[in-house]
Amino acid sequence: MFSRWMRLLLWQPFALMCRRLPLWPFRATITRPVEHVACIRIDNLLTRLLSRFAGGYDYAVCYLVDGSLLIDTGFPWARRRLRAALVELGADRTITTVVNTHYHEDHTGNNDLIADLTGARILAHATAVPEIRFPGELRWYRGFLFGPSRAAEVAPIGAAVETEHLRLQVIETPGHCPGHICLFEPDGKWLFSGDLYVAAELDSQLADADGPSWIASLERVLELKPEWMFDAHGAIFSDAEQVERQLRRKLEFLTTIRDRVHRHATHGQTIQQLTRKVFDRRDLVDWLSLGDGWLSIITGADFSRANIVKSFLREPPREETAS
């Protein structure tokens, strides 16, 4: 109860101030990787520094497609810069649809802004809808880094989303979290991948990650043979061979973890002991984090290697194929 009152009396005024005037000013960079697509990247010195430590990917980006479709809305602290970027693009007058690839706050954090600014309908996978409509309290570090989300109306997405010139198929890709989706444009073979990729060897995840489902999702997307991949944290890959290489790197990384989990989970032990066996690295970060990855140190184990390890324990071990 005391902590809730502290959040109300101290954190809420701080959060309200940061929405209007962030402590660290943000910049917006707009690029056009292909016709009909604008990438809106919003960051500052602090977020760039944190992102580099977290694996080399950008904080979060939004994609404006055909002027009328916005894919993800970024994190709440970026509110003022996102609004200015959309006005600069004239998109405040043209956006009709928003798609959230999943419910994490760095992808849904400005839904309310877009709804107020444009009147656009907001869509997400049915599994993600309750999480977006009724956002819960964030762990302290997520609130500090991203800002708290506000409730916004959102509806379940259908099989496809259409713009004036494009039709994007909705591909169910759970794994990073439940209700994760990608959008795929079959003519140009564009894949808007949300957090399906992020970084090939990012080993720490939240507790809602599901390794077996993630592997299945990667295999499903590889069958589409995408020629462009637009990652929700800023990486853009621009030919079929490069896209396949990156997706297979991610797939191999996860299957290696899965195989090591099943190999070492042969008897009762703590999840920490098993995680240290699966990630048998020997460096300062592993020593300081007790084998759970450096992100577990700064997030109080909210992001951790143990989360992805536990998710593989929920599936039966794979039988070895006779040679």
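The values are calculated or read from the model by the stated rules, or taken from the named source; none is laboratory data. Keep in mind that what you see is a predicted model, and the values were worked out from it rather than measured. Here the Cβ positions follow ideal geometry from the backbone for every residue, glycine too, while neighbour counts run over all protein chains shown.
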Exercise. Going by the structure shown, is Thr101 surrounded by fewer than 23 Cβ atoms within 10 Å (Cβ to Cβ) and of a type in the set (Ser, Thr, Tyr)?
Worked result: no
Exercise. Which one of Thr266, Thr275, Thr270, Thr255 is modelled with pLDDT of 85 or more, under 24 Å from Ala235 (Cβ atoms) and among the hydroxyl-bearing types (Ser, Thr, Tyr)?
Worked result: Thr255
Exercise. Exactly one of (1) part of a helix (DSSP H, G or I); (2) closer than 26 Å to Arg142 by Cβ; (3) touching a strand residue (DSSP E or B) at 6+ places or on another chain (Cβ under 7 Å) is unmet by Asp292. Its number?
Worked result: (1)
Seminar exercise, completed: Filtering the stretch 148-163 down to residues that are assigned to a loop (DSSP other than H, G, I, E, B) and of a type in the set (A, V, I, L, M, F, W, C) yields Ala151, Ala152, Val154, Ile157, Ala159
For this session: Scan the stretch 227-244 and report the pairs whose first residue is under 18 Å from His36 (Cα atoms) and at pLDDT 95 or above and whose second residue is in a strand (DSSP E or B) and of a type in the set (Asp, Glu), with Cβ atoms within less than 9 Å and a gap of 6+ or a chain change.
Result: Trp228/Glu185; Phe237/Asp231
Problem set entry | Members of the stretch 30-74 that are at pLDDT 85 or above and more than 23 Å from Ser149 (Cβ to Cβ) | Ile30, Thr31, Arg32, Pro33, Val34, Glu35, His36, Val37, Ala38, Asp66, Gly67, Ser68
Exercise. Pairs, please: C-beta under 8 Å, at least 6 apart or cross-chain, first residue on the phi > 0 side of the Ramachandran plot and in the stretch 63-89, second assigned to a helix (DSSP H, G or I)?
Worked result: Gly67/Leu89; Gly67/Ala91; Asp72/His107; Asp72/Thr108; Gly74/Leu82; Gly74/Asp106; Gly74/His107
For this session: Could you please give the count of residues in the stretch 198-226 that are closer than 23 Å to Asp292 by Cβ and either touching a Pro at 6+ places or on another chain (Cβ under 7 Å) or at pLDDT below 95 (or both)?
Result: 13
Seminar exercise, completed: Every listed condition ((1) within 25 Å of Asp208 (Cβ to Cβ); (2) surrounded by fewer than 23 Cβ atoms within 10 Å (Cβ to Cβ); (3) of a type outside the set (D, E, K, R)) holds for Pro76 save (2)
